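Chemist: My questions will all concern the structure given below.
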Amino acid sequence: MSYKALLTYALTGASTAALIASAGMASAQDYPQRPIEMVVTFGPGGGADLMGRQMGRLMEKPLGVSIPISNVAGASGNAGLTRLKTDAPDGYTIGTLISLTVASWASGLGDSSVDDFEVLAVVQNSPSFLFVPASSPYQTAEDLFAYAKENPGELTVATSGYGTQDDVTLKLLAKDGVQMENVPFQSPGERYASPIGGHTAVLYEEPGDVAQFLKAEQLKPLVVFSEERHPAFPDVPTSTELGYEISGLDNFRTVAVRAGTDPAIVEKLQSAVEESVASEEWQKFCAETYSCIEPVTGEDAQKMVQDFLQLITDQLAS
Amino acid sequence: MQTIDLLFAGFASAFQIGAFLTVVVGLLVGVIAGALPGISFVNAMAMALPFTYAMNVTHAMLFLGGIYVGGVFGGSISAIMINVPGTPASLPATWDGYAMTKKGQVKRALTIAVTASAVGGLASALMLTFLSAPFAKFAMKFSQPEFFAATVLGLVSVIAIAKDKPIITMISLLSGMAIGTVGVDPLYGQARFSFGIPEVESGIRFVVVMIGLFAIGEVVDLVATDRDLRPKKADGKMAGASFRDIWNVKGAIARGTGLGCMIGVIPGAGATPGAVIAYGVEKQINPRGKEFGTGVEAGLAAPEAAKNATTGAAMVPLLTLGIPGSAATAIMLAAMMLQGVNPGPLLFIMDPSMVYTIFAAMIIANVLMIGAGVGVAQMFSTLMRTPPAILAGFIVILSLIGAYGVRNNIFDVHVCLIFGVIGWAMKRVGFPSAPMVLGVILGPLAERYFLTAVANSRQDYTVFFTRPISATILFLALIFVLWSLWPSVRSRIKRQPA
Amino acid sequence: MAMVEKARDDRASWRDAEPKHVAAQGGRGKAMARLIPVAVPAMLLVAALVLPAFMFTGDRRPDVPGLGPAAWPNVVLLLLGVFSSIWLAIEVWGLVKWRVSTSLSAPHDEDVYHYGKALVGIGLVIAFGWLLPYVGFAIACAGFLLIWCLYGGLRNPFVLVLVPTLGTIALLWMFMGLALMPLSRGVGIFDQFSVALLQLLGIY
């Protein structure tokens, strides 16, 4: 091999290394330089997917790069979190972390804890309601609860599963004498069709996921599990008003990154999230899904998730 | 007559150049994606979703509808040509379709498949247009016990398909059902058979199993047998199916269409059970049923008609009630919700022109599908001229991309590889793999329908027999088993008079 | 029938479970043809009996309502066990009677089956899938296509250069560029290489 050839090889090698090095040096100042992947932890079509897609679309503007969505579904959202945890903490992978997944940790799913993630912001929050079909014999929460007290276990409630916050709410109601049968429906579509078709008496859900049925007046909200009335449903009484202390089990959706991400990058992402939430488009979206909140960030967000997990763990253990 | 007026208005707007092109592009994307081994129409629709952001709602639905209609058919192209089903719903197309290809009748098989699919799809698009309201009402009578009964009917027809070896078919089916229990259970949120590995909690998806069992095993066989897929000179001259050929299988197409329309409305079921049940029923009814599996036209036509007949039917609950029954319709729902449109009864009142444009587009898409299907099939037969080694390499890569794309998870790629090895070994020893895939599809459905039905009736196990529709379907399933097993039982009695 | 192939690898014979084939072939093939139909149901039976014990790992919530998460898999595995034992009984009975099993019949539409080649092919596919998450899609794909072409008997240098490079670029554009799929970029240095490559191709 001639000296010249050797030199050529060395130069090519060096330039390749330089190319790699330049791509590898992701300093916080020039972040972001390439597309940021938004890991949606559920399949296309659900509430988490809509949130992730909407957020990804709106964050593209402040960050100036494209944000493609990848749906990593499975194990109640834990499969997607595994991805979020194993990708490099360089801010190029962000993901959705929602209350349903956090509740699943209490049932022993996944191997994540709150400390594995840096919650950028809690962007959606909505209390759950009990809904009945329009033709239901119980048109008020008082009627419904009175019947349930007299006939324990006779009324059926469509929920998302055992061991979820739905289950915890029903358990808390049962402690106060209102005993209803939990009927888990894995598929959201079937969960809503069953009460509308008259096959299940009651539906436990957050209003955003059944907005179309509320607008068509196929479902009627009876009670909200919260301390305050929901601004969009001023006529619906709260559980507290009716004498049942059930709150803190709201459905929240957050955007998170892997713990250990450069604080400067976290700050950039956080301000992009806040800017997106403030946008007119997002406000329209969250109003339609009855889930608008002031974004909760930093330590408060972390604590909110931790407290929720603690509440579910305690209730399931009791 | 209001429907007709609205439909004409729908046609007028669907034939506007922008809308029309959207349907055509969607259709082509669907057929090509469906025909690529590993990439299913659900994959393609999920990938297409971001492109709909920039469109208006109607165009978004036309685009996704086109992909859906084209993709459900497209899977049969690779099933017929190389024995690798592009989507699970094309599984039955490998049984008689690929057998026809081996006889040198690939063009005939493709023409019959595309015609049967188009007829089935068209019939169900018309049903969607004219009968969606009564059908939706009927569908609301169905609840979990009925869904369970329908799933049992699906499981039973798997046995009917391979009646000469009922025990081994049962074992294959049950193995598939056992595989389907891996991962988080549907009601309690508990991980089963995870062996402490977090990745396994995600469970095993049927598409991944199918790609492994069929695509990987087939590719290995392709290189190990020196098989030449290149079309022979004789094939070029071989005519496609004549009108007479199609007319001869009109009964099979009609029965497949009817079954597909019924099954498509049931949430969770969709194209695959529709095609399988149609094949099973046709095998019983058709006078040539005994020859099924050796390249009989009716055995190809019936499931092809049925699987496309589920497309329009599956959109009935979506558009009339706002309830998606399958992964494909859930993506359509997402596309509408992202644009701030909520499907459901109000949509018909508030925006009937949009609904009828979608109806018209579904009709147009199914008519155009014949052209698109033949065109893409032609393109694929040109691709088959490449050396088998190169072709096989790309099939492997596409299959693994497809497995990955189901959930963007590398775990699914590894599962796919494991099933690739299992599928290859199963094929070498002659253990049937199709019932296993159907077990992975139907097993988890049966489980959650059963458990939810029982919970909904407050732990009353008789609910399946006390509800009239559920009881009827279960009775039909029983009749179906007896009817399909009777000939082999009778011959055994005759052989050994005891 | 290709006699050479038969001589090289007589395991090929057990795919032909038909009596006349078995009778015509050597002892090893005959033994395989007898053993496999017994071994498969036996394995499945063992699996059906053992697996229920391994259904759950870690703590389980006590007193769940309804049938619980174990009910359905238990029923499926029980039925699997029942049918496997029926099959096993039939096979063992056949073995005793020295009858040839007809329960499994492999496809015999191919005259030639290169078992060695098939196993190498499987090995290549597994290596590709296993390396994919470490080296990234681009390198794994190009490498796999190159080796696969060599393995398929292609020696034309043009083909060996063009198929892997153009194929990989086309697939990258189609799936990462157009369909926005997050295909693996690999870890560490490979991740950096993939990012650089994607930027070079204009995808990022």
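Computed from the coordinates by the stated procedures, all read-outs in this text should not be read as laboratory data. The structure displayed is predicted, hence computed values, not measured ones. Methodologically, a virtual Cβ is constructed for each residue, glycine included, from the backbone with ideal geometry; neighbour enumeration extends over all protein chains shown.
Chemist: What pairs in A:Lys171/A:Lys284; B:Lys141/B:Lys165; A:Lys61/A:Lys85; B:Lys290/C:Lys97 have C-alpha atoms more than 32 Å from each other?
Modeler: A:Lys171/A:Lys284; B:Lys141/B:Lys165
Chemist: Using a 10 Å cut-off on Cβ to Cβ distances, tally the other chain neighbours for every residue of B:335-347 and report the average as a whole number. Numbers along the way, then the final one.
Modeler: Values: counts 2, 2, 12, 6, 0, 4, 1, 8, 1, 7, 6, 6, 2.
Mean shielding by partner chains, rounded to a whole number: 4.
Chemist: Between B:Gln459 and B:Leu476, with labels modelled 7 Å along Cα→Cβ, what's the label distance in nm to one decimal, could you check?
Modeler: About 3.3 nm separates the two model spin labels.
Chemist: In addition: ³J(HN,Hα) across the stretch B:351-356 via Karplus (A = 6.51, B = -1.76, C = 1.60, θ = phi - 60°), whole Hz, x for Gly/Pro?
Modeler: 9, x, 5, 5, 4, 6
Chemist: Can you tell me the Rg and Dmax of the stretch B:5-58, counting just the alpha carbons, in angstroms?
Modeler: 13.3, 42
Chemist: By per-residue mean of other Cβ atoms within 10 Å, what is the highest-first order of B:370-381, B:170-181, B:103-114, B:12-23?
Modeler: Result, highest mean first: B:170-181, B:103-114, B:370-381, B:12-23.
Chemist: What list of ³J(HN,Hα) couplings, whole Hz, do you get for the stretch A:28-33 from phi and the Karplus terms 6.51, -1.76, 1.60, once you set θ to phi - 60° and write x for glycine and proline?
Modeler: Listing the rounded values in order: 5, 5, 9, 6, x, 10 Hz.
Chemist: Under 5 Å between amide hydrogens, which residues at least 5 positions from A:Val296 or on another chain qualify, with H placed 1.01 Å from N in the peptide plane?
Modeler: A:Val122
Chemist: Assuming a viscosity of 0.692 mPa s and a temperature of 37 °C, what translational diffusion coefficient in µm² per second does Stokes-Einstein assign to the protein assembly as shown, Rh being the Kirkwood radius over Cα pairs?
Modeler: D, rounded to a whole number, is 110 µm²/s.
Chemist: Now for a different question. Find the all-direction average of the projected area of the Cα convex hull for the stretch B:229-379, expressing the result in square nanometres with one decimal place.
Modeler: 11.2 nm²
Chemist: Principal axis extents for the stretch B:2-495, Cα atoms only, whole Å, descending order, please.
Modeler: Projected onto its principal axes, the Cα set of the stretch B:2-495 covers 64, 62, 50 Å.
Chemist: Order B:140-147, A:161-168, B:258-265 from most to least packed using the mean count of other Cβ atoms within 10 Å. Kindly include the intermediate steps, with their values, before the conclusion.
Modeler: Details: B:140-147: 22.8, A:161-168: 24.4, B:258-265: 25.9.
Ranked from most to least packed, the peptides come out as B:258-265, A:161-168, B:140-147.
Chemist: In addition: For the pair C:Asn74 and B:Phe138, how long in nm is the line joining their label points, each one 7 Å along Cα→Cβ?
Modeler: 4.0 nm
Chemist: Still on this structure: Just the Cα atoms of the stretch B:400-498: what Rg and Dmax do they give in Å?
Modeler: 20.2, 59
Chemist: Residue-wise, which Karplus ³J(HN,Hα) couplings in Hz belong to the stretch A:301-306, taking 6.51 cos²θ - 1.76 cosθ + 1.60, θ = phi - 60°, and x for glycine or proline?
Modeler: Values, residue by residue: 5, 4, 5, 4, 5, 4 Hz.
Chemist: Next question. Given contacts defined as C-alpha pairs under 8 Å and at least six residues apart, what's the relative contact order of chain B, whole-number percent?
Modeler: 29 percent
Chemist: If you restrict to DSSP beta bridges whose two residues both lie in the protein assembly as shown, what percentage is antiparallel, to the nearest 5?
Modeler: Bridges in the protein assembly as shown that DSSP calls antiparallel: roughly 65 percent.
Chemist: Counting other Cβ atoms within 10 Å, keep those with at most 15, restrict to DSSP loop, and tell me which chymotrypsin sites (Phe, Trp or Tyr not before Pro) in the stretch B:422-481 are left.
Modeler: Passing both the DSSP loop test and the Cβ count: B:Tyr461.
Chemist: Where Rh is the Kirkwood radius over the Cα pairs of the stretch A:129-224, the temperature 20 °C and the viscosity 1.002 mPa s, what D in µm²/s does Stokes-Einstein return?
Modeler: This corresponds to a translational diffusion coefficient of 164 µm²/s.
Chemist: Mind listing the long-range amide H neighbours of A:Asn71? Cut-off is under 5 Å, sequence gap 5 or more, other chains count too, H placed in the peptide plane at 1.01 Å from N.
Modeler: Here the answer is A:Val40, since their amide H atoms fall under 5 Å of that of A:Asn71.
Chemist: Beyond 17 Å, what share of the Cα-Cα pairs of the stretch A:43-100 remains, rounded to the nearest whole percent?
Modeler: Here the long-distance tail beyond 17 Å is 39 percent of all Cα pairs in the stretch A:43-100.
Chemist: Could you work out the helix-only [θ] at 222 nm for chain B, with each DSSP H run of four or more residues adding -39,500 (n - 2.57) and the total divided by the number of residues, to the nearest 500 deg cm²/dmol?
Modeler: After summing the helix terms and dividing by the residues of chain B, the value is -24500 deg cm²/dmol.
Chemist: For the stretch B:314-397, what is the per residue volume of the convex hull drawn over the alpha-carbon atoms, in cubic angstrom?
Modeler: 124 Å³
Chemist: Eigenvalues of the Cα gyration tensor times 5, then square-rooted: what semi-axes does that give for the stretch C:115-200, in whole angstrom, largest first? Numbers along the way, then the final one.
Modeler: Details: eigenvalues 112, 50, 23 Å².
Over the Cα atoms of the stretch C:115-200, the ellipsoid semi-axes are 24, 16, 11 Å.
Chemist: Now a separate question. Return P(r) of the stretch A:171-318 (all Cα-Cα pairs; 10 Å bins starting at 0; whole %; ordered from short to long distances).
Modeler: 9, 30, 36, 19, 6, 0
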